[in-house]
Amino acid sequence: MSESKPNRRGILIILSSPSGAGKSTLAKRLMAWDPSLKFSVSATTRAPRPGEEDGREYYFKTHDEFQKMVEEGEMLEHAQVFDHFYGSPKAPVEDAIKAGRDVLFDIDWQGGQQIRNSTLADDVVSIFVLPPSIAELESRLRSRAQDSDEVIAGRMRKSRDEISHWAEYDYVLVNTDVDKAELQMISIVSAERQRRSRQPGLVELVRGLNTEFEERT
Ligand SMILES: Nc1nc2c(ncn2[C@@H]2O[C@H](COP(=O)(O)OP(=O)(O)O)[C@@H](O)[C@H]2O)c(=O)[nH]1
Ligand SMILES: Nc1ncnc2c1ncn2[C@@H]1O[C@H](COP(=O)(O)OP(=O)(O)O)[C@@H](O)[C@H]1O
């Protein structure tokens, strides 16, 4: 059976924020809202956190394996964040958008910039998530209870740099109440989909409306 041609290309939804502002939480909620979204599983050289599974949150790679992927041109973008390397494998993203499937990225500002400067720029919708305060950001990092004090301190130092790129994004959300932030994300994605897709039959509908006008005169 031949697959029907999608009526639009997939959108690349890029989600960035300082660590702890809530982008993984919001990404999971967006995926639960629309399971047809494809989450871009990044490759990383950082160690898995408890509960993380290889191939689900990340592809966990050694430094050499990661370098080989970069050298062989397999990455859509890649960057060093904190003390580790992170990158988005290219092939699954290209396949998804050609099939009309939207792809969700949880990546930092460097990755966002690289994709916005790539040939896929027209397909990008970028969203930056801000925390309501720095005290709240630190408290969220601590409450996640997955990183040592030293790692948390490193992430807090890097936050200022990440936040300085907020204005490069199409949309900026303040994640105070997570339910409200989720609703805002859903609204953004719904509106961007509507903007880029033409419902089938619109030309015929407008032709019919014009015929009706003519019949009335
Ligand atoms: N450029 C880039 N950044 C990534 C990628 N994957 C994850 N990141 C970013 O790396 C940072 C650290 O991610 P992680 O170690 O999972 O900690 P998090 O702060 O809890 O999300 C976050 O800002 C992620 O958005 C990627 O493929 N490319
Ligand atoms: N609006 C919110 N209010 C309170 N806690 C939140 C909110 N959003 C996320 N969190 C919590 O903050 C912590 C960090 O969120 P997470 O999604 O892991 O952030 P990021 O992916 O940006 O590093 C998690 O424990 C998460 O449950």
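For the reader, a short list of remarks on this structure follows.
- Looking only at the range 172-217, residues that are part of a strand (DSSP E or B) and open to solvent by 70 Å² or more (accessible area, probe 1.4 Å) come to 1 in all.
- In the range 133-144, the residues that are farther than 18 Å from LEU173 by Cα and open to solvent by less than 60 Å² (accessible area, probe 1.4 Å) reach residues that are within 11 Å of ligand 2 (Cβ to nearest atom) and not in a helix (DSSP H, G or I) with C-beta atoms within less than 7 angstrom, at least six apart or across chains, in these pairs: LEU141/SER19; LEU141/GLY20; LEU141/ASP147.
- Within the range 19-72, the set of residues being hydroxyl-bearing (Ser, Thr, Tyr) and within 11 Å of ligand 1 (Cβ to nearest atom) comprises SER19, SER24, THR25, SER40, SER42, THR44, THR45, TYR58, TYR59.
- Output for the range 111-126, where each listed residue is in a helix (DSSP H, G or I) and open to solvent by less than 50 Å² (accessible area, probe 1.4 Å): GLY111, GLY112, ILE115, ALA121, ASP123
- For beta carbons closer than 7 Å, sequence separation of 6+ or different chains, a first residue in the range 20-31 that is polar (S, T, N, Q) and a second that is in a helix (DSSP H, G or I) and more than 9 Å from ligand 1 (Cβ to nearest atom), the qualifying pairs are THR25/VAL178.
- Members of the range 161-197 found to be of a type in the set (Lys, Arg) and in contact (Cβ under 8 Å) with a residue 12 or more places away in the chain, listed by number: ARG193, ARG196
- All strands (runs of 3 or more DSSP E) inside the range 1-67 with 2 or more residues being of a type in the set (Ser, Thr, Tyr) and surrounded by 16 or more Cβ atoms within 10 Å (Cβ to Cβ): 42-44, 58-60
The values are calculated or read from the model by the stated rules, or taken from the named source; none is laboratory data. Owing to the predicted nature of the structure, the values given are computational and were not obtained by experimental measurement. Don't worry about glycine lacking a Cβ; one is built from the backbone with ideal geometry, like all the others, and counts go over all protein chains shown. Heavy atoms of the whole protein, side chains included, go into the accessibility calculation; ligands, DNA and RNA do not. Shrake-Rupley method; radii C 1.70, N 1.55, O 1.52, S 1.80 Å.
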